[in-house]
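Enquirer: One structure, as structure tokens, below. Some questions next.
Derivation of every value follows stated rules applied to the coordinates shown; laboratory data play no part. For clarity, every value in this text was computed on a predicted model and none was experimentally measured. Note: ideal-geometry Cβ built from the backbone for every residue, glycine included; neighbour counts use all protein chains shown.
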């Protein structure tokens, strides 16, 4: 499990906790809705957080979304 303070979207300075809060507050439970939302811009610049993660470590938006759906974040 990742720490909620782990930065996931480096370009927008968003941690796993920030992204989880956006998902929950705006009911964005699929990747397309999350990436297209206007409330909290996520993954709209370098886009590495959509795939392999900024540090090529697999810590990415789909991982955070999955953890929220499972109640882990």
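Enquirer: Rounded to the nearest 500, what is the 222 nm mean residue ellipticity of the chain from helices alone, with -39500 (n - 2.57) per DSSP H run of 4+ residues and division by all residues? Working shown, then result.
Expert: Working: 3 runs with 26 residues, N = 73.
Computed ellipticity for the chain at 222 nm equals -10000 deg cm²/dmol.
Enquirer: Report the gain in length on full extension from residue 33 to residue 69: 0.36 nm times residue separation, minus Cα-Cα distance, nm rounded to one decimal. If you can, show how the numbers build up before the last one.
Expert: On the way: separation 36, 0.36 × 36 = 12.96 nm, distance 1.42 nm.
Residue separation times 0.36 nm, minus the Cα-Cα distance, leaves 11.5 nm.
Enquirer: Moving to a separate point now. Over the chain, what relative contact order in percent results from Cα pairs under 8 Å that are six or more residues apart? Walk me through the intermediate numbers first.
Expert: Numbers: 97 pairs, mean separation 23.5, N = 73.
RCO, the chain: 32 percent.
Enquirer: Using the per-residue mean of other Cβ atoms lying within 10 Å as a proxy for protection, in what order, highest first, do the peptides 24-35, 9-20 fall? Write down the numbers at each step before the final one.
Expert: Working: 24-35: 13.3, 9-20: 18.8.
The packing order, highest mean first, is 9-20, 24-35.
Enquirer: Then there's this: Output needed: percent of Cα pairs per 10 Å distance bin for the chain, bins running from 0 to the one holding the longest distance.
Expert: Binned Cα distances yield the sequence 23, 62, 15.
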